[in-house]
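All remarks here apply to the structure that follows.
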Amino acid sequence: MGTARTYVIGDIHGCAEEIDRLLEAIAPAAGDTVVFLGDYVDRGPSPRAVIERLLRLEQQGPRCVFLKGNHEDMLLAYLGLPGMYADAFLNNGGATTLRSYGLEPGEPEAARRMPPEHLSFLSNLQLQYVQGSVLCVHAGLNPSLPVDAQRPEDMLWIRDEFTSHPHAFPYTVIFGHTPWREVLLDLPYKIGLDTGLVYWNKLSCLALEEQCLLQIRRGAAEVERRSVEALLNQSGTRLRRPGAEVPGRSGTC
């Protein structure tokens, strides 16, 4: 039997075709772990289809770790379930999610018309996941607080306070939430895997054991593979090389 593999996948935002092609390319087996960094819904064309695909993957055998993104949290709050910032949901792409379920904004008792397995999926998302020297979380961690004292709001929403500074955590933090034109490699502190798929850039997946980056561009059919070592060699350093944020993103999330 081969060595179990771990994959970490960035923000999907309703782009069902691209996550389907990426999962076909990595073909996770029963002993593998696939970690999703959150933001499955909103903005993209097919949020419902994304969740259906993730539920099918879980049934197929690999261990799946589904982290909560701020967009799932807003959706839950909008549906009257525990979450934050329900009033921001529609202004951040939420109408697309509702319509993928045959619902309209403002429709009363929308939660009752959601598939029960989808509500269960949304209600049971994790805030963080630790594997060895790696900690996965949607938005990041507050550098001024210890890991065991982190607040849910920071783990779902933090930006510059985390992305722009080193930290003293005993982990490399892998996160999504803030979209970059290229993967953020700020080693040994952090790796940012949101590469703006919904903004017509690409979906990124890090294969931890292989130290390989797998990416698919929006609307593309092929998954590209590059080694993390090659990307670091291109920079000539193991320090931060952030690149530019993806243009065109709206709002604060």
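Remarks
- With Cα atoms as the point set, the radius of gyration and Dmax of the chain evaluate to 17.2, 56 Å.
- Of Pro152, Ala220, Val50, farthest towards positive along the dipole that unit charges on Lys, Arg, Asp, Glu beta carbons give the chain: Ala220
- Amide H contacts of Val35 (H built 1.01 Å from N, under 5 Å, at least 5 apart or other chain): Tyr7, Val8, Ile9, Val65
- In the range 116-221, the GluC sites (Glu not before Pro) that fall in loop regions by DSSP, at most 13 other Cβ within 10 Å: Glu209
- Placed amide H near Ser227: partners under 5 Å, 5+ positions off or other chain: Leu213
- Most fluctuating residue given options Thr33, Thr163, Thr195, as computed from a GNM of the chain linking Cα atoms under 10 Å: Thr33
- In sequence order, the range 132-144 has phi-based couplings of x, 8, 10, 10, 10, 7, 5, 9, x, 10, 6, x, 8 Hz under the Karplus curve 6.51 cos²θ - 1.76 cosθ + 1.60, θ = phi - 60°, and Gly or Pro positions carry x.
- Taking other C-beta atoms within 10 angstrom as a stand-in for reagent exposure, His118, His165 fall in the order His165, His118, fewest first.
- q = 0.24, 0.25 Å⁻¹: log10 I(q)/I(0) that the Debye formula gives for the range 107-185, counting C-alpha atoms only: -1.13, -1.20
- For the range 7-51, the spread of Cα coordinates along the three principal axes comes to 32, 17, 13 Å, biggest extent given first.
- Counting all C-alpha pairs of the range 1-119, share separated by more than 17 Å (%): 55
- Taking amide hydrogens as placed 1.01 Å from N in the peptide plane, the amide H of Asn201 sits under 5 Å from those of Arg218, each at least 5 positions away in sequence or on another chain.
- Karplus (6.51, -1.76, 1.60) ³J(HN,Hα), θ = phi - 60°, over the range 188-203, in Hz, Gly and Pro reported as x: x, 7, 7, 9, x, 10, 8, 10, x, 3, 5, 9, 6, 9, 8, 9
- The chain: angle of helix 47-60 to the longest principal axis, Cα-based, in degrees nearest 10: 60
- This ranking places Asp154, Asp73 by how few other beta-carbon atoms lie within 10 Å of each, fewest first, which gives Asp154, Asp73.
Taken together, the values in this text are just the output of simple stated rules run on the coordinates, not laboratory data. Values in this document were obtained by computation on a predicted structure and should not be read as measured data. As a convention, Cβ positions derive from the backbone with ideal geometry for all residues, glycine included, and neighbour counts pool all protein chains shown.
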